[in-house]
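Encoded as structure tokens, the structure appears first; notes follow it.
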Amino acid sequence: MKIGEFIEKVQSTKDTVRHYEDIGLLQPAKENKRRIYGEKEMNDFHAIKEMQALDMSLNRKIISSRIRPF
């Protein structure tokens, strides 16, 4: 799905999603130079929000280890 549909489903903003991409927390697939968001990005986004709700910092290494199992 494209970003418009993604932000509607996760109830966020384009700026927030782009910020998470910029700091490496979301890594959507690219198709014809367009970002494509899927189930994995939705799960990752919700995990980020849950950790924020628990007052965890947006430390990329901490979050990445929790949303991308080894």
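The values are calculated or read from the model by the stated rules, or taken from the named source; none is laboratory data. Just so it is clear, the structure is predicted and the values come from calculations on it, not from any experiment. Surface areas here come from the heavy atoms of the whole protein model, side chains and all, with no ligands, DNA or RNA. Shrake-Rupley method; radii C 1.70, N 1.55, O 1.52, S 1.80 Å.
Of the helices (runs of 4 or more DSSP H) contained entirely in the chain, those carrying at least 1 residues that are modelled with pLDDT of 90 or more fall at 3-10, 14-22, 39-53.
Selection of segment 1-31 for residues being open to solvent by 40 Å² or more (accessible area, probe 1.4 Å), within 13 Å of residue 41 (Cα to Cα) and charged (D, E, K, R) yields 2, 5, 9, 18, 30.
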